[in-house]
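What follows is calculated from the coordinates using simple rules that are stated; it is not laboratory data. Everything quoted here is computed from the prediction, not taken from an experiment. Note that we place each Cβ from the backbone using ideal geometry, even for glycine, and neighbour counts take in every protein chain shown.
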Amino acid sequence: MVSLEVPASYGWVVMVVVAKVLLNIWMGFQVGAARRKYKVFYPTMYANESDNKDAKLFNCVQRGHQNCLEFISVFFALLLLGGLQHPKVASVLGVFYLVSRYYYFTGYASGEPQNRLTLGKYHFFGLFGLLLCTISFGVHLLYNSKT
């Protein structure tokens, strides 16, 4: 059995989680505003270009948010686990990921999908760094186990 102590600096990891939640809420509000602006009503997930002249503009906002949601569980798992061994490094990587995701979303929401890749493409570096932190944590647990 391995006992686990959460370092005080893990508070930074928790704050990054809070920041991601707030960023996600903000993105959701942007989608809601785009729904009103481009007249795309629930439960429609994506606008149909044959029915709505602004479909591409709405779909870019919706898709930017949706893509961020697709990665949210991976981000949280890697941040929370990797942060147990490397809280400061994981926090910095998490902030890097969030900033990149902000630019990914705003670039996509501009209506030109390629704009998401200007600075937004770097979010994978944050995820990869968090993956390394999590692997390090797993190895540390296995190395220190007595069974």
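What are the residues in region 1-14 that are among the aliphatic types (A, V, I, L, M) and surrounded by 13 or more Cβ atoms within 10 Å (Cβ to Cβ), if any?
Narrowing region 1-14 to residues among the aliphatic types (A, V, I, L, M): 1-2, 4, 6, 8, 13-14.
Of everything in region 1-14, those that are among the aliphatic types (A, V, I, L, M) and surrounded by 13 or more Cβ atoms within 10 Å (Cβ to Cβ) turn out to be 13, 14.
Condition check ((1) more than 30 Å from residue 141 (Cα to Cα); (2) of a type in the set (Val, Ile, Thr)) across all residues:
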{"position": "16", "(1), (2)": "no, yes"}
{"position": "49", "(1), (2)": "yes, no"}
{"position": "53", "(1), (2)": "yes, no"}
{"position": "58", "(1), (2)": "yes, no"}
{"position": "68", "(1), (2)": "yes, no"}
{"position": "82", "(1), (2)": "no, no"}
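Kindly indicate which of 69, 79, 84 is on the phi < 0 side of the Ramachandran plot and over 13 Å from the mean Cα position of the chain (by Cα).
Unique residue meeting the criteria: 84.
Taking residue 141, is it more than 14 Å from the chain's Cα centre (by Cα) and hydrophobic (A, V, I, L, M, F, W, C)? Walk me through it before giving the result.
Working: more than 14 Å from the chain's Cα centre (by Cα): yes; hydrophobic (A, V, I, L, M, F, W, C): yes.
Yes; evaluated as a whole, the condition is true for this residue.
One line per residue, one yes/no per condition, for (1) assigned to a loop (DSSP other than H, G, I, E, B); (2) free of Cβ contacts under 8 Å to residues at least 12 places away in the same chain:
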{"position": "7", "(1), (2)": "yes, no"}
{"position": "22", "(1), (2)": "no, yes"}
{"position": "56", "(1), (2)": "no, no"}
{"position": "59", "(1), (2)": "no, no"}
{"position": "68", "(1), (2)": "no, no"}
{"position": "72", "(1), (2)": "no, no"}
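Among the residues of region 33-54, which ones are surrounded by 13 or more Cβ atoms within 10 Å (Cβ to Cβ) and either touching a Phe, Trp or Tyr at 6+ places or on another chain (Cβ under 6 Å) or assigned to a helix (DSSP H, G or I) (or both)?
Within region 33-54, 34, 35, 38, 40, 47, 54 meet the criteria.
Test of understanding: among 94, 111, which residue is closer than 26 Å to residue 33 by Cα and either among the small types (Gly, Ala, Ser) or in a helix (DSSP H, G or I) (or both)?
Details: 94 fails: closer than 26 Å to residue 33 by Cα.
On inspection, the qualifying residue turns out to be 111.
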